[in-house]
Amino acid sequence: MAAPGRALPSAARSKWDIREEVWEHLEASGLAEFPRPVRGRIPNFKGSLQACCSLRELDVFSRAREVKVDPDKPLEGARLAALQARKTLLVPTPRLRSGLFNRIVPPPGATKEMLRRCATSQGVRDFSVPVGLDSKAQVDLVVVGSVAVSEKGWRIGKGEGYADMEYAMMVSMGAVQEDTPVVTIVHDCQVLDIAEELLGDHDLTVDYILTPTRTIQTNCKRPKPQGIMWHKVSSEMLGKIPILKTLRCREKQAGKDVTLQDEQPALADTNRAAVSDKKVMAAHPQPRAAPGSAPVLLPHVGRDPVNPKSEGSDSITTVFLGNLPGSLRVSQLKSALRELQVVPAALKWQGAQHRAFLDFREQEAAHRALCSLQGLSLGGNALRVELAKSQRNKGQGEINSHK
């Protein structure tokens with residue numbers, strides 16, 4: 001693991017390379033805290049409460065009346081600080097299924113212990129009320145989790161894009177302004193040099209970084225997202241996040257172009273960061289997660305534009321499933337995939353050889369499937385799950401490579 005603030009060894013490092021390195025380092029160094037393993041999550045770390053306490057010392061926190069804090073475990077101390085300071089605390093709803101915000105409302109006369117409970121994930125569920133689109137929320141400070149961040153303010157999340165989308169939705173609602181400060185709270189080892197070309201125009205940057213030992217003001221000049229980039233939103237995503245439908249309708253009535261990603265015949269991929277990230281992901285499969293790790297179930301919210309040149313056969317990424325029990329039926333495998341929300345473009349069943357191949361049109365979807373399927377057992381067999389040795393199932397050569 002590179003030391004804090006130092007460049008990673010190779011300029012070709014992708015976002016996934018950086019995520020994997022941070023997750024692995026936190027686990028190997030004993031810095032990871034519950035929930036474990038931290039892979040696939042905004043990682044909790046030793047010293048997170050100490051880092052969160054530094055939030056009270058920021059002028060932007062003292063001046064804020066409404067504070068939005070993500071629901072991640074390492075930000076529990078930040079939620080507590082907002083409640084103890086009697087600020088309005090807004091927390092995004094889980095996976096944005098039922099809206100954008102919930103407002104945490106402690107019971108009247110809440111004790112310090114009750115406020116601590118309200119700041120936990122259970123407390124967020126028990127003591128919150130939904131905030132509607134027409135509530136005229138005015139967020140004065142945004143606190144987000146990160147997997148990695150640079151002193152320049154470049155941020156890398158866990159890969160699902162929710163923080164980016166939440167911010168874009170707040171812009172669309174008028175809940176944040178161009179100068180609304182964004183704070184992230186991480187361990188010192190998560191502060192790394194990150195190449196700016198890895199950032200897309202949908203990526204959220206940060207203005208302050210709090211660690212157990214440092215407070216960093218990034219002075220970031222890169223513009224934050226100016227709203228929802230509809231050309232990066234899929235119809236599937238629109239169905240999963242109801243509030244997006246409402247925002248889209250409003251923006252369409254206002255005369256904005258709200259054409260979705262899969263409604264456009266072709267989009268040139270001008271996002272070099274996305275291309276670089278995907279190429280390296282394909283060449284360097286992710287390490288296996290330990291059984292029981294949290295699956296990444298939903299499509300990437302900030303999905304990259306479609307590259308028309310990669311729509312052909314070369315764009316397929318294949319996941320290999322081995323050690324299938326002889327008694328397993330393809331319908332049982334499909335049912336298991338549905339439960340884990342793994343939706344391949346094609347499933348190639350070779351039950352007699354105790355294996356199957358899942359084809360995905362997007363490399364990121366394949367990698368998320370890898371995360372979701374790790375530790376899966378069917379019919380008493382722990383499945384072997386990995387990227388196929390080549391990008392496609394190229395007949396007998398590839399099949400032989402998995403014997």
If residue 160 satisfies every condition in (1) farther than 18 Å from residue 88 by Cα; (2) of a type in the set (D, E, K, R); (3) not in a loop (DSSP other than H, G, I, E, B) but one, which is the exception?
-> (3)
Could you please give the count of residues in the stretch 163-189 that are more than 15 Å from residue 203 (Cα to Cα), among the aliphatic types (A, V, I, L, M) and assigned to a helix (DSSP H, G or I)?
-> 1
Among residues belonging to the stretch 1-31 that are at pLDDT 95 or above and assigned to a loop (DSSP other than H, G, I, E, B), point out the one that is farthest from residue 199 (Cα to Cα).
-> 30
What tally of residues in the stretch 193-241 results from selecting those that are of a type in the set (Lys, Arg) and under 23 Å from residue 22 (Cα atoms)?
-> 1
How many residues, within the stretch 32-54, are farther than 15 Å from residue 119 by Cα and outside any loop (DSSP other than H, G, I, E, B)?
-> 5
Return a yes/no flag: does the stretch 347-368 have any residue that is assigned by TED's automatic domain parsing to the domain that holds residue 328 and modelled with pLDDT under 80.
-> no
Considering only residues of the stretch 219-268 that are surrounded by 15 or more Cβ atoms within 10 Å (Cβ to Cβ), basic (Lys, Arg) and farther than 19 Å from residue 177 by Cα, which is modelled with the highest pLDDT?
-> 248
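The values are calculated or read from the model by the stated rules, or taken from the named source; none is laboratory data. The model shown is predicted, which means the values in this text are computed figures rather than measured ones. Here the Cβ is made from the backbone with ideal geometry for all residues, glycine too, and neighbour counts use every protein chain on show.
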